[in-house]
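First comes the structure, then the notes that go with it.
The values are calculated or read from the model by the stated rules, or taken from the named source; none is laboratory data. None of the values given here were measured: they were computed from a predicted structure. Neighbour counts are summed over all protein chains in view; Cβ atoms, including those assigned to glycine, are modelled from backbone coordinates with ideal geometry.
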Amino acid sequence: MTWDYNNHEGRAATIVDGGRRVVSYASDGMVLEDGTSVADSDAIGWRAECSCGWKAPLMFERVSDPSAALKPWQVFETEGGWAPKEIEDICHTEWLDHVRPEMGIDAVRQAAEDHRLSGERLDGSVAEARQRGVSWADIGKAVGVTRQTAHERWKALSQNPR
Ligand SMILES: [Zn+2]
């Protein structure tokens, strides 16, 4: 399971001994970055990661001893392999926090673009209204500004500036 946003691809990565990353899962174990195959039970934990290089500060540590007193970052899990559902959900939330600022700036960029386009539409419609003989006073009223403000703002666009 991976999560996508722009150039970010996040996942709950399975970590094995030495901090090495699992890149794929097979029926008989897991394959590491360097091509080595390891058993599911070699998983020491899971951590949210992103293709941009970001990693969650904390790894969830897999604990296979049922008598262990678990800390908040430890998970009792006997199998290894894929992240358990609840860990994957937490990793997803952490990854969303990682991409959230970029989502915010994308929304601003989109709104700025919409704003620019509607400004162009307004300019075009004012120029056309002037061509049709509409007064600056009526244009100002339609826009919600004074006659003088409308004139100052659009006289350069108008073929009929006065
Ligand atoms: Zn990222």
Discussion item. Any residue at all in the stretch 75-88 that's at pLDDT 95 or above, within 16 Å of the ligand (Cβ to nearest atom) and closer than 22 Å to Gly19 by Cβ?
Written reply: no
Worksheet entry | Pairs where the first residue, in the stretch 86-105, is within 14 Å of Trp54 (Cα to Cα) and the second is away from the ligand (no atom under 11 Å from the Cβ) and in a helix (DSSP H, G or I), C-beta under 9 Å, 6+ apart | Leu96/Met103
Discussion item. Can you find, within the stretch 121-141, the residue that is surrounded by the fewest Cβ atoms within 10 Å (Cβ to Cβ) among those that are among the charged types (D, E, K, R) and within 15 Å of Lys155 (Cα to Cα)?
Written reply: Arg132
Worksheet entry | Cβ-Cβ under 9 Å pairs, at least 6 apart or on other chains, the stretch 42-55 side over 21 Å from Lys85 (Cβ atoms), far side more than 7 Å from the ligand (Cβ to nearest atom) and part of a loop (DSSP other than H, G, I, E, B) | Ser51/Asn7; Cys52/Asn7
